[in-house]
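Take a look at the structure below.
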Amino acid sequence: MKNYDIIIIGAGPAGLLAAGRAAELGGKVLVLEKMRQEGRKLLITGKGRCNITNSAGIGEFIKHVFPKGRFLRNAFSGFYSEDIIELLEKYGVDITLERGGRYFPTRGKASDILEALLKWVNELNVEIRVGHRVEKLIIENDAIVGVQANGQDFRAENVILATGGKSYPATGSNGDGYELAKAVGHSIEKARPSLVPLETAGGTAQKLQGLALKNVRAVIWVNDKKVAEDFGEMLFTHFGLSGPIILTLSRTVVDALQQQNKVELTIDLKPALDEQKLDKRLIRDLNENGKKKISNVFRSWLPASLIPVFIELLEIDPDKECHQISSKERKQIRVLLKNFRFTISGHRSFKEAIITAGGIPTNEISQKTMESKITKGLYFAGEIIDLDAETGGYNLQIAYSTGWLAGDSCMKKV
């Protein structure tokens, strides 16, 4: 039986950062990965492009993390966005800053990131065993002494759980890390899909399938009360709604639906104009095109594929001339442009969720070390922790920073 200073369960970004940092400090490190390949989920992040991190400062970054972003302040102070960029560039990755402070590999390939991290840990003689599923954590006197994987015991007084959450289960993150933690006394905040597309009632969204909208404002209403909003891009799909602002708002929606609340989403298609300015615009356009059919004038207000849907919802004759449009009909047009409403009937599954909300509660983990407050020698890193963030590279940075801190903390004990 081999003895190690540290055993890390999971070879995703959190696990690899933990392994590399511990090995830099002289640790004998073993990484156990149940899949046949390291970093399976990393390879599909950002639709295969990998949004590495974000340029936001720590204070701003924390605002994008839920439910308790401040828990990460210590982890971020030790290893942050500039540090991961420096590490990746050292191992040959060219990196480009794009809009929204998002960093991507210049070649647009997530595989570049994984290859760089693996090169780093391999140079440091980290031992990685793929195809090794950990069945249990071995505890003696309330302290960790090793793990059992594939029926074999591996000994170490420091174990880092970096198994991910439940999103994209085909990549290996099926929630088994929660069960390992639960078996040694940890509680689990219920796992829910986050950054996930939303399903809508009725057939309106389906009629618009494939239509992408830019510069619109989406607002979430729970039991007729406005609870969240976002501005940017979205997409209509065969089941409902997706795209950046929908994914960002989905965390609020999933929680509201689980409590069986009525959830609706409205889209403001003209966010740059308030009701009064929009009404003046409609009056002007209707007056200037008095003898034209209303369906033709809609072209200056909406994308082509939206026009028949709007006319159907408004129940206006498409051949009606503009000078025949009543003030009541004009008001209906204005209201729909500012409040294009959908009833949210559900959300997609973990198979389509970018990240998992829920996991090991932060109050059971030391924010200074990432060590369990329940089991000595057990540490947590990455998505398994009850922390999730908006899109934009935030979630991967959480993985890097918590992994680095966990690896660093282990070696300072050895």
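The values are calculated or read from the model by the stated rules, or taken from the named source; none is laboratory data. Everything numeric in this text was worked out from a predicted model, so none of it was measured. A quick note on method: Cβ atoms are made from the backbone with ideal geometry, for glycine too, and the neighbour counts reach across all protein chains shown.
Pairs, please: C-beta under 7 Å, at least 6 apart or cross-chain, first residue over 13 Å from Pro318 (Cβ atoms) and in the range 294-306, second acidic (Asp, Glu)?
Partner pairs satisfying both residue conditions: Ser300/Asp285.
Taking the options Tyr178, Tyr168, name whichever one is surrounded by fewer than 22 Cβ atoms within 10 Å (Cβ to Cβ) and either of a type in the set (Phe, Trp, Tyr) or assigned by TED's automatic domain parsing to the domain that holds Ile307 (or both). If you could, list the steps in order and put the result at the bottom.
Values: Tyr178 fails: surrounded by fewer than 22 Cβ atoms within 10 Å (Cβ to Cβ).
Just one listed residue meets the conditions, Tyr168.
Tally up the residues in the range 30-55 that are under 20 Å from Tyr80 (Cα atoms) and touching a Phe, Trp or Tyr at 6+ places or on another chain (Cβ under 8 Å), please.
Number satisfying all stated conditions: 7.
Restricted to the range 188-225, and to residues that are among the small types (Gly, Ala, Ser) and in a loop (DSSP other than H, G, I, E, B), which residue is surrounded by the most Cβ atoms within 10 Å (Cβ to Cβ)? Full working, then the answer.
Filtering the range 188-225 down to residues among the small types (Gly, Ala, Ser) leaves 191, 194, 201-203, 205, 210, 212, 218.
Filter once more, keeping what is in a loop (DSSP other than H, G, I, E, B): 201-203, 210.
On the way: Ala201: 13, Gly202: 11, Gly203: 9, Gly210: 9.
Per the criteria, the residue is Ala201.
Restricting the search to the range 104-114, which residues are over 14 Å from Pro13 (Cβ atoms) and in contact with a strand residue (DSSP E or B) (Cβ under 7 Å, 6 or more places away or on another chain)? Explain how you work it out, then say what you get.
Going residue by residue through the range 104-114, those that are over 14 Å from Pro13 (Cβ atoms) are 104, 106-109.
Phe104, Thr106, listed by residue number.
Could you figure out which of (1) in a helix (DSSP H, G or I); (2) in contact with a Lys or Arg (Cβ under 6 Å, 6 or more places away or on another chain); (3) hydrophobic (A, V, I, L, M, F, W, C) isn't true of Leu17?
(2)
If I ask for residues that are buried (at least 18 other Cβ atoms within 10 Å of the Cβ) and under 26 Å from Pro244 (Cβ atoms), which ones from the range 76-94 would you list?
The first filter runs over the range 76-94 and keeps only residues buried (at least 18 other Cβ atoms within 10 Å of the Cβ), leaving 76, 79-81, 84, 87-88, 93.
Passing the criteria: Phe76, Tyr80, Ser81, Ile84, Leu88, Val93.
Does the range 117-136 hold any residues that are within 18 Å of Gly407 (Cβ to Cβ) and buried (at least 18 other Cβ atoms within 10 Å of the Cβ), and which are they? Write out each step before concluding.
We begin by selecting, within the range 117-136, every residue within 18 Å of Gly407 (Cβ to Cβ); these are 117-129, 134.
Matches in the range 117-136: Leu117, Leu118, Trp120, Val121, Val126, Ile128, Val134.
Find the residue count for the range 276-293, including only residues that are touching a Cys at 6+ places or on another chain (Cβ under 7 Å) and either over 17 Å from Asp319 (Cα atoms) or in a helix (DSSP H, G or I) (or both).
Qualifying residue count for the region: 1.
Starting from the range 93-111, keep only residues that are farther than 16 Å from Leu43 by Cα and in the same structural domain as Lys41 (by TED's automatic domain parsing), then list their pairs with residues that are part of a loop (DSSP other than H, G, I, E, B) and at pLDDT below 95 whose Cβ atoms are within a distance under 6 Å, requiring at least 6 positions of separation or different chains.
Partner pairs satisfying both residue conditions: Gly100/Gly392; Arg102/Gly392.
Take the conditions over 25 Å from Gly100 (Cβ atoms) and either modelled with pLDDT under 95 or in contact with a Ser or Thr (Cβ under 9 Å, 6 or more places away or on another chain) (or both) and apply them to Ile384. Does it pass? First the steps, then the outcome.
Values: over 25 Å from Gly100 (Cβ atoms): yes; either modelled with pLDDT under 95 or in contact with a Ser or Thr (Cβ under 9 Å, 6 or more places away or on another chain) (or both): yes.
For Ile384, the condition - over 25 Å from Gly100 (Cβ atoms) and either modelled with pLDDT under 95 or in contact with a Ser or Thr (Cβ under 9 Å, 6 or more places away or on another chain) (or both) - is met.
Is there a residue being within 30 Å of Gln148 (Cβ to Cβ), among the small types (Gly, Ala, Ser) and under 17 Å from the mean Cα position of the chain (by Cα) anywhere in the range 177-188? Spell out how you get there, then give the answer.
Taking the range 177-188 first, the residues within 30 Å of Gln148 (Cβ to Cβ) are 177-188.
Retained after the next criterion (residues that are among the small types (Gly, Ala, Ser)): 177, 181, 183, 185, 187.
Of the ones still in play, those that are also under 17 Å from the mean Cα position of the chain (by Cα) are none.
Checked against the condition, which is being within 30 Å of Gln148 (Cβ to Cβ), among the small types (Gly, Ala, Ser) and under 17 Å from the mean Cα position of the chain (by Cα), the range 177-188 yields no hits at all.
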